[in-house]
Amino acid sequence: MKYRDIPHTDLNISLIGLGTMTWGEQNTEAEGHEQMDYALGEGVNFWDTAEMYPVPPIAETCHRTESIIGTWFASRKQRDKVILASKIAGPGPHITHIRGGSRMNRDHIMQAIEGSLQRLQTDYIDLYQLHWPDRPVPTFGTRDYSPPKGADPVPIEETLGVLAELIEQGKIRYVGLSNETPWGAMKFLQIAEREGLPRMVTIQNSYNLLNRTFDSGLSEICEEEGMRSLPYSPLAFGRLAGKYRHGAKPEGARITLWERFARYNGPNSDAAIDEYAKIAEDAGLDFAQMSLAWINQRHHVASNLIGATTMEQLKSNIDSVNVELSGEVRKAIDTVHHRYPNPCP
């Protein structure tokens with residue numbers, strides 16, 4: 001395994017991170033435990049979860065993923081071997097089952113952290129992230145920003161102030177953003193510096209060969225401000241592994257099970273996927289490993305958050321850490337990107 005430091009912290013995390021959002025829905029508790037056992041054995045020390053997991057987020061399964069991790073901690077007694085990240089949900093009509101609609105204010109954050117700590121069976125979370133902004137912005141595949149009407153976002157100062165209290169209490173160590181915009185990232189950094197509040201050290205956004213919008217603004221922020229990214233959906237729900245090519249619908253796969261997961265089915269996505277797959281084939285590379293290796297080599301990435309429903313997938317994804325893409329392959333990838341820029345933001 002390879003490891004990378006996160007600036008402004010003492011965290012040294014594995015380049016491959018363990019995503020967990022299928023545990024409790026597509027994966028059983030036993031399967032989640034098996035994945036954690038294997039990943040830790042391979043040197044994967046960074047695990048990411050969220051209070052609303054598993055997906056899709058529904059009341060009947062909400063919080064199961066954190067509980068599965070908690071029973072692993074309780075049985076394995078290896079909490080000290082793991083750098084653990086979790087997230088508080090933001091507002092939205094799809095998560096009204098969480099506190100009647102989660103917000104980033106004092107009351108909700110305090111409730112959220114206590115619930116997560118209890119389910120995770122731990123006294124602290126290493127990296128606590130805001131799952132998405134408490135203001136109307138393009139998220140989860142929407143493209144364009146529109147000035148909000150009647151919005152009443154929680155002030156960033158309030159959010160950071162509560163997080164500062166939790167750090168002082170030892171319940172969290174560091175804080176990060178997720179599904180955030182360049183303006184939002186800079187605003188959090190600006191207010192933190194001005195008010196002496198906790199600095200956001202990471203940002204977890206979708207990032208893959210079909211969605212490189214991160215590079216148009218947030219990549220520069222990571223470089224200049226010392227933040228690091230934690231890309232999620234690196235295989236675009238498996239589309240960049242080739243599992244849905246030519247109309248295939250594998251049994252039990254996420255897009256097969258739930259039509260709502262259409263984020264990576266945008267115009268030109270099939271054409272782009274076919275060309276990326278041809279690059280991998282010509283180079284003698286596994287398509288999924290090539291897609292992951294491209295992310296692994298990006299300058300702003302601290303940990304590439306993989307997610308798998310089978311052990312075979314998990315092992316292959318972790319092994320991508322050993323794949324180095326040649327300059328010729330990277331150039332071919334950029335050529336396809338220029339032809340089909342960000343078909344699935």
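With respect to the cross-link table entries LYS149/LYS243; LYS81/LYS278; LYS81/LYS243; LYS187/LYS331; LYS81/LYS315, which display a Cα-Cα separation exceeding 29 Å? Result: LYS149/LYS243; LYS81/LYS278; LYS81/LYS243; LYS187/LYS331 exceed 29 Å.
Around LEU127, under 11 Å between beta carbons, what's the net of Lys plus Arg minus Asp minus Glu among the other residues? Before the final figure, lay out the partial values.
On the way: positive: LYS87, ARG173, ARG228; negative: ASP48, ASP126.
Once all neighbours under 11 Å are counted, the net charge is +1.
The GluC sites (Glu not before Pro) of region 223-268 meeting both criteria, a DSSP state outside H, G, I, E and B (loop) and at most 12 other C-beta atoms within 10 angstrom of the site's C-beta, are GLU251, GLU259.
Modelled this way, with points 7 Å down the Cα-to-C-beta line, the labels at ASP144 and THR310 are 4.2 nm from one another. Shape call for region 1-100 from the C-alpha gyration tensor, a ≥ b ≥ c root eigenvalues: rounded (a/c under 1.5), prolate (a/b greater than b/c) or oblate? Here region 1-100 falls in the oblate category. In a fully extended conformation the segment linking ASP319 and GLU225 would gain 30.8 nm over its present Cα-Cα distance, using 0.36 nm per residue. Summarising the amide proton neighbourhood of GLY90: residues at separation of 5 or more, or on other chains, whose placed amide H is nearer than 5 Å comprise HIS131, TRP132.
Can you give the angle from 0 to 90° between the axis of helix 156-168 and the longest principal axis of the chain, with both taken from C-alpha atoms, to the nearest 10? Between the helix axis and the principal axis of the chain, the angle is about 80 degrees.
The residue among HIS8, PHE73, GLY101 whose Cα reaches farthest toward the positive pole of the charge dipole of the chain, with charges on the beta-carbon of Lys, Arg, Asp and Glu, is GLY101.
Evaluate E = 1/(1 + (r/R0)^6) for GLU251 and ARG194, where r is the Cβ-Cβ distance and R0 equals 56 Å; express this FRET efficiency to the nearest 0.05. Intermediate results must be reported in sequence, preceding the final value.
Numbers: r = 53 Å, r/R0 = 0.95.
Computed FRET efficiency for GLU251 and ARG194: 0.55.
Rounded to the nearest 20, the Cβ-based charge dipole of the chain about its Cα centre (Lys and Arg +1, Asp and Glu -1) stands at 420 debye. At full extension, THR96 and ASP10 could sit 27.4 nm farther apart than now, given 0.36 nm per residue minus the alpha carbon distance. Relative to the longest principal axis of the C-alpha atoms of the chain, give the angle of the C-alpha long axis of helix 182-195, reported between 0 and 90° and rounded to the nearest 10°. Long axis of 182-195 versus the principal axis of the chain: about 30 degrees. Comparing mean-square fluctuations of ILE306, ILE191, ILE88 from a GNM of the chain with C-alpha springs under 10 Å, the top value falls on ILE191.
Compared with the dominant Cα axis of the chain, that is its longest principal axis, helix 269-283 is turned about 60°. Label reach from SER75 (point 7 Å along Cα→C-beta): in region 111-146, amide nitrogens under 18 Å belong to 119-122.
A short reminder: the numbers here are calculations on the coordinates, not readings from a lab. Keep in mind it's a predicted model, so treat the numbers as computed, not measured. Cβ sites come from the backbone with ideal geometry, for glycine too, and all protein chains shown count toward neighbours.
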